[in-house]
Every structure is written in structure tokens, then in C-alpha cells.
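A short write-up of the structure that comes next.
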Amino acid sequence: MTVAQAFDAIATGYDEARRRLVPCFDGLYGAVLELVAESRAPAHARMLDLGAGTGLLAAMIRAAHPGTLVTLVDAAPAMLDEARRRFVGVAAVEYLVADYAEQPPAGPFDLVVSALSIHHLEDPAKRRLFAAMQAALVPGGLLINADQILAPTPGLEARAHARWREQAAALGSDPQEIAAAESRMAHDRCATLDDQLAWLREAGFAEVDCAFKSWRFVVYSGVKPA
């Protein structure tokens, strides 16, 4: 089963499970909203959402910045079908069913965002994507990634996973939901935070920083120099 097929299979229940399976949901998505609010993006910013899924993150950003023009790209058609239902009647949203690692939209964009998607790429593909997004952004444009990372050591990785299981169960995930999430983790290709920040700098981003971290979940960003 491909990554796209794995997420198509859970598209209808994806949003409802987020707060259980992402224990730091408010902090993670809240950090993205703070970075967008502080950015240099214009009122009618052109925003690309990589691995946009059901449009959950894009909807939060548009609620705070209604003039945002959104391009949602995802390889899972059923996930984008959920996004279409979310944005029904909204003309400022474009939908692209594509593998963004192989077919990265060229832009230009003022913002590029992603949530819980880029960690599915092999490391060389992450590096190529960062370079492509740096090229796709306008000068002063901002890349934000809210994602999962690999801990620096196997011991710390095991601790982070155990902590995630505890937190998800405390938030109402039953053993079946946790097991299904762990099955999807077979598609994960997580990299350490240090490596990913270094790859952003390598791609030409400035002001590279991590704004939020809670165990395996992080929000990091970089700006294309003006």
C-alpha cells in the first residue's frame, strides 16, 4: 500500500482523529498560525499547502487571513475530496492531485506550508523539495513545516514513541486506532530536526528556526532572502 492509499483509506475520519493522535494539536497548529501572522505575506498571499490532505491547516490560515489564495496539493484524491467539501463555494482554492516530491508546483508563492506530510519523503527527496520551494517562493517568502521528526538517538526515539502512545491513549485513542496509526508509520522516513534545519540553510533559506517542539512534533521555518 502506498502512502496515498493509506491516507485515502482514512480520509473521512482523518480530521476527527487529529486531536487524539497529535497530542500537541493546539500548540503545533497554533505555532504555524503565529508564524503566518508575523510573516511579510501580503493580504492576498498566494499560499501552497504541501500534502494538504483535507485542507485542515489551510482552513485555519484562511480563517485568520480570508484573502489568502490557496493551492492544495496531495497525492491522495480522497483526502482532497474532503478538502473540496470543506471549501465548497470558495473560489480562492485550487486542488492538485499530484506527488509534490516529483511534481513540485513552480509558484510564485508568498507562503509554502505543510503539516504532517514531508516526513514521508526519503532524505534526498526532502533536500530536493526544500530547494524547489526556495525557488518557488518570492523574495521574503516563508516556508513553514509542522511535522514529525526523528529523535537524535534510538533511546530517545523509543522514549518519544512511548510518550506518544501514552498521550494518545489519554486523549481517547483506543488500541485499534493506535495500532492503525503505527501501521501507517511504516511509511515514515523521519529525519532529525538538526538535519532538516541544516538542509533548509543549504537550500538558501535564511532566518531558519524551530518555533515549536513537543517530543516528536515540531514547527520549523525559513525565509527566502529578499
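The values are calculated or read from the model by the stated rules, or taken from the named source; none is laboratory data. None of these values were measured; they are calculated from a predicted model. Reconstructed Cβ throughout: ideal geometry from the backbone, glycine too, with neighbour counts over all protein chains shown. Each accessible area value is taken on the protein alone, full model and side chains, heavy atoms only, with ligands, DNA and RNA left out. Shrake-Rupley method; radii C 1.70, N 1.55, O 1.52, S 1.80 Å.
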* Asked: Which percent, nearest 5, of DSSP beta bridges in the stretch 92-226 are antiparallel?
  -> 70
* **Relative contact order (%) - criterion: Cα under 8 Å, at least six apart; region: the stretch 139-202** => 47
* Which of Leu137, Ala180, Leu35 sits farthest toward the positive end of the charge dipole of the chain, with +1 on the Cβ of Lys and Arg and -1 on the Cβ of Asp and Glu? -> Leu35
* Expressed in nm², what is the orientationally averaged projection area of the convex hull enclosing the Cα positions of the stretch 153-215? -> 5.5
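Just the number: Rg to Rh for the stretch 27-99, Cα atoms, Kirkwood Rh, two decimals. Before the final figure, lay out each step's value.
Working: Rg = 11.8 Å, Rh = 12.4 Å.
Rounded to two decimals, Rg over Rh is 0.95.
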* Describe numerically, in nm with one decimal, the distance between label points set 7 Å from Cα along Cα→Cβ at Phe25 and at Val88. => 2.3
* **Solvent-accessible surface (1.4 angstrom probe) belonging to His65, in square angstrom, nearest 10** => 60
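Over the stretch 96-205, calculate the relative contact order: mean separation of alpha carbon pairs under 8 Å at least 6 apart, over the residue count, as a percent. If you can, show how the numbers build up before the last one.
Details: 107 pairs, mean separation 39.2, N = 110.
Reported relative contact order: 36 percent.
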* To do: Pop out the ³J(HN,Hα) list for the stretch 158-167 in order, Karplus 6.51 cos²θ - 1.76 cosθ + 1.60 with θ = phi - 60°, rounded to Hz; leave Gly and Pro as x.
  => 4, 5, 5, 5, 5, 5, 4, 4, 4, 5
* Structure fact -> With +1 on the Cβ of every Lys and Arg and -1 on the Cβ of every Asp and Glu, the dipole magnitude of the stretch 1-66 about its Cα centre, in debye rounded to the nearest 20, is 100
* Structure fact -> Which of (1) 63, 39, 38; (2) 46, 40, 30; (3) 61, 36, 32 gives Cα extents along the principal axes in Å as computed here? It is (2)
* By the gyration tensor of its Cα atoms, with a ≥ b ≥ c the square roots of the eigenvalues, what is the shape of the stretch 52-144: rounded for a/c under 1.5, prolate for a/b over b/c, or oblate? -> oblate
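Mind checking the dipole of the chain: about its Cα centre, +1 per Lys or Arg Cβ, -1 per Asp or Glu Cβ, Debye to the nearest 20?
That gives the chain a dipole magnitude of about 240 debye.
In debye, nearest 20: dipole of the stretch 24-99 around its Cα centre with unit charges on the Cβ of K, R (+) and D, E (-)?
260
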